[in-house]
Amino acid sequence: MQDWRRIEELFQAALALPKDERIAFVHQSCAGDEALRTEVQGLLEGVDSADGFLEGTPLGMLTPPSEDLSAGTMLGRFQVMELVGRGGMGEVYKAHDTRLGRTVALKICRRGFSERFEREARAIATLSHPHICTLYDVGPNYLVMELIQGQPLAGPLPVETALRYAVQAADALRAAHKQGVVHRDFKPGNVLVTAAGVKLVDFGLARMIAPGATGGDDLTLANQIPGTLRYISPEQLEGKPADVRSDLFAFGLVLQETITGTPVFAVPSQAGLISAILKDEPPPLTSPKGQVPPALVRLVRKCLAKDPEARWQTAADLHDELQWILQMELAPAARPAAPIAAGQRRRALVAGSLGALALLAAAGLGWRQWTGGTHTAAGMPASGLPVVVLMDTAAPSGVYDPETRSRAETNADDLTEALRNLPLALHKETAGATWNREEQLANQRPSLILIHRSIFVHSLVFEFDAEAKSGAHKKAWPIPSEDDQFYRRLSRIGRDKLDALLGYLAAANPQTRFIVYARDWSEASRKRWMEGLAQRFPGLQGRVIGMELQPVAGVASFRQAPNIAEIRKAVSAMLGKP
């Protein structure tokens with residue numbers, strides 16, 4: 001914990017200077033002490049925004065408390081031990097829980113139980129996760145919380161270390177978002193590094209929304225936007241709704257800063273910083289402490305897309321991708337030893353008269369070269385577990401279970417639960433209309449791919465149907481227009497793209513097998529499709545099975561016991577083949 005007197009001294013000195021001289025003064029005065037610089041600069045950013053642009057001006061931090069609590073003071077059953085920090089709303093004390101015999105943190109609100117305290121208490125009370133601070137109790141004007149011994153996340157860190165912390169932080173966001181909690185202040189200072197990993201703290205600006213919703217972002221006061229300016233998303237700066245994807249934008253900023261050691265948008269002035277977040281492309285992700293895998297560069301770039309629709313859509317998918325990069329790109333046991341195949345190329349799809357739509361469907365399926373890694377004859381990765389890819393679309397019309405759809409999850413999430421406890425390395429892959437990760441997918445050398453037969457059909461429909469994108473549709477299968485011929489063309493493109501993807505992956509990895517599933521898919525139709533597929537791509541002969549999900553109480557999904565049993569049986573059988 002930084003000495004508060006030193007922070008206040010530098011803050012007051014900087015405040016006396018013209019705005020354009022403050023940043024240089026802080027950098028010079030805090031040379032060699034990054035934590036001190038971060039504290040002082042954070043205060044200055046808050047003051048710059050005190051004209052109503054941001055919530056949470058830190059001027060209150062300079063207001064001395066009415067009276068510090070001395071060691072031994074009792075608050076209920078909690079005995080104060082020492083002051084460990086002071087913030088804008090009050091103080092944090094280390095204390096002893098005399099009833100349970102444990103050490104806790106008391107976060108005391110100077111002005112009584114404020115709205116922000118109420119928000120933080122409600123948010124954390126819904127969460128239980130090893131990488132989120134724990135709320136133990138609530139008093140008249142204080143919160144009783146887990147005492148975290150750690151330091152704010154700071155870089156530059158080795159790429160593998162940064163990635164391990166990122167996996168934990170993304171899992172914390174996944175858990176929060178699943179409960180409808182949007183953090184809205186994800187920044188290095190709120191990610192504490194402890195001996196057991198990272199802890200996400202300070203939910204004082206959190207917003208509670210229905211799980212999976214993207215509803216409006218109520219401004220806390222007139223013209224105020226909650227958060228810390230350096231880590232606010234473009235849509236928040238524009239006054240547009242903030243949702244889980246706003247947290248993922250901030251996540252990308254923090255991850256890149258953790259690797260490089262410098263903020264993504266290192267602009268000294270508030271106006272310049274706002275302009276950079278809204279308009280500028282982030283600098284390339286490089287590291288002074290090791291090579292950055294291309295997959296990680298792509299992941300961060302996707303987090304930092306200006307348009308929320310172009311980002312990762314859920315923290316769950318982001319977490320899975322981070323974990324895959326860590327295991328397959330950086331873990332020593334999974335690093336490719338030498339290419340085992342090369343020159344596997346495939347022509348781009350051409351749909352003739354369908355023009356631009358055919359090009360859209362074929363995006364990324366052109367000339368490619370593939371190299372593999374170290375595997376056993378049965379397709380087992382060097383790490384020891386078969387890689388099983390669960391591939392699906394996030395388009396609402398393609399998500400089978402109503403509850404899963406309401407949580408903005410996919411069939412792959414239900415499959416993850418259905419396959420729980422099987423000795424598999426699961427990787428979820430969410431596809432969209434312009435999905436083009438076939439080469440990355442091939443490089444995973446998967447043993448098995450479970451894929452939704454209409455994955456690209458649903459994606460194309462969702463892309464072109466404004467009603468479906470708004471979530472206002474009522475039909476399970478929204479029609480993109482009243483032109484049925486147009487709809488049939490979209491379906492044909494999507495199905496052709498699926499067949500081409502299977503053919504490409506089969507040529508790239510002779511050991512990969514496939515389970516293709518769908519609802520309302522008769523045995524005769526499945527047989528015709530598999531026969532046609534084998535004629536077009538002989539390498540798929542005997543490596544693909546089709547599965548029809550059976551309805552239970554009108555719903556056919558992987559939450560239903562018969563379908564769970566069937567998919568577990570099919571997976572075990574496919575992986576058991578030589």
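The values are calculated or read from the model by the stated rules, or taken from the named source; none is laboratory data. Since we're looking at a predicted model, the values are computed, not measured. Every residue, glycine as well, gets a Cβ built from its backbone with ideal geometry; the counts of neighbours run over all protein chains shown.
Observations
- Single unsatisfied condition, Phe249 versus (1) modelled with pLDDT of 90 or more; (2) at positive phi: (2)
- Restricting Glu523, Glu566 to residues that are over 30 Å from the mean Cα position of the chain (by Cα) and surrounded by 15 or more Cβ atoms within 10 Å (Cβ to Cβ) narrows the list to Glu566.
- Residues being of a type outside the set (Ser, Thr, Tyr) and in contact with a Leu (Cβ under 7 Å, 6 or more places away or on another chain) - total across segment 163-182: 11
- Selection within segment 289-299 - in contact with a Leu (Cβ under 9 Å, 6 or more places away or on another chain) and under 21 Å from Ala442 (Cα atoms): Val292, Pro293, Leu296, Val297, Leu299
- For segment 407-422, the criterion of a residue being more than 18 Å from Leu318 (Cα to Cα), surrounded by 21 or more Cβ atoms within 10 Å (Cβ to Cβ) and at pLDDT below 85 is satisfied by no position.
- Counted residues, segment 187-212 - those being more than 19 Å from Met145 (Cα to Cα) and either part of a loop (DSSP other than H, G, I, E, B) or at pLDDT 90 or above (or both): 6
- Pairs meeting the criteria (first residue in segment 512-541 and among the polar types (S, T, N, Q), second residue assigned to a loop (DSSP other than H, G, I, E, B), beta carbons under 9 Å, at least 6 apart or on different chains) are Thr512/Gly379; Thr512/Arg445; Thr512/Pro446; Thr512/Ser447; Thr512/Arg543.
- Under the condition of being of a type in the set (Phe, Trp, Tyr) and assigned to a helix (DSSP H, G or I), the residues counted in segment 545-569 number 0.
Each row is one residue, and each column tells you yes or no for (1) touching a helix residue (DSSP H, G or I) at 6+ places or on another chain (Cβ under 6 Å); (2) under 21 Å from Leu153 (Cα atoms); (3) aliphatic (A, V, I, L, M).
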site: Gln256; (1), (2), (3): yes, yes, no
site: Phe265; (1), (2), (3): yes, yes, no
site: Ser275; (1), (2), (3): no, no, no
site: Pro282; (1), (2), (3): no, yes, no
site: Gln323; (1), (2), (3): yes, yes, no
site: Leu326; (1), (2), (3): yes, yes, yes
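- Candidates Leu75, Leu143 - the one that is at pLDDT below 90, touching a helix residue (DSSP H, G or I) at 6+ places or on another chain (Cβ under 7 Å) and of a type outside the set (Asp, Glu): Leu143
- Tally of residues being among the β-branched types (Val, Ile, Thr), assigned to a helix (DSSP H, G or I) and closer than 17 Å to Lys199 by Cβ across segment 159-183: 2
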